[in-house]
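Single-structure report; data block below.
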Amino acid sequence: MVVPGAGYVVLALLVALFGALAVRYAIRLTVLARVLRQGVRTDGECVRVVTEPFNRSDATRYCFAFRTADGGRVEFEDLAGWSMTEGTPVTVTYDPHDPRGTATIAGRGSWAPVLQSLALTAGCGLAALGFTAVLLFQAWGGK
């Protein structure tokens, strides 16, 4: 059974998915840039490295903790390099108005969060542009 227009719907969904991901990572990249310029720096450490079971995902999540100026403990996840292990000391930069939402380990010696966000923004943006080009080509008479 052939559903007329199904190809257009699939392409439109792919454009929306990759476009939304590109926007999400671009926003994170903007927050990182602002926090690295204006944020507060403090000492922190890697408190957990969580590796998902291979049959579900091969993703590794890195959890970090630090204390704010008023003594509150904040835990957050961030992207990190492969050499990160539990107990590794890091420098955390954050906005005091939103420590949990803006905390990052990006900065001197650890550019992984910035580089990975930049790569994800570019990759998802290019995928969205590519799917848009295919969608427009098909919509305007391409075979």
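The values are calculated or read from the model by the stated rules, or taken from the named source; none is laboratory data. The structure presented is a predicted model; accordingly, all values stated were derived computationally and were not measured. Neighbour counts run over all protein chains shown; Cβ positions are idealised from the backbone, glycine included. All accessible areas refer to the heavy atoms of the entire protein, side chains included, with ligands and DNA or RNA removed. Shrake-Rupley method; radii C 1.70, N 1.55, O 1.52, S 1.80 Å.
Structure summary
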| item | result |
| --- | --- |
| Distribution of pairwise C-alpha distances over region 64-130, 10 Å bins, in % | 19, 44, 26, 10, 1 |
| Degrees between helix 112-139 axis and first principal axis of the chain (Cα, 0 to 90, nearest 10) | 10 degrees |
| Fraction of accessible area attributable to carbon and sulfur, the chain (%, probe 1.4 Å) | 64 percent |
| Charged-residue dipole, Cβ positions (Lys, Arg, Asp, Glu), the chain about Cα centre, Debye nearest 20 | 340 debye |
| Segment residue 13-residue 137, extension gain: residue separation times 0.36 nm, minus the distance between their alpha carbons | 43.0 nm |
| Protection proxy ranking, peptides 134-141, 19-26, 31-38, average beta carbon neighbours within 10 Å, highest first | 19-26, 31-38, 134-141 |
| Surface per residue (accessible, 1.4 Å probe) for region 23-143, Å² | 64 Å² |
| Between 0 and 90°, nearest 10: helix 6-38 axis offset from the chain longest Cα axis | 20 degrees |
| Ratio Rg/Rh [Cα only; Rh per Kirkwood] for region 95-143 | 1.33 |
| Equivalent ellipsoid semi-axes, region 1-123, via Cα gyration tensor eigenvalues times 5, rooted, Å | 34, 18, 12 |
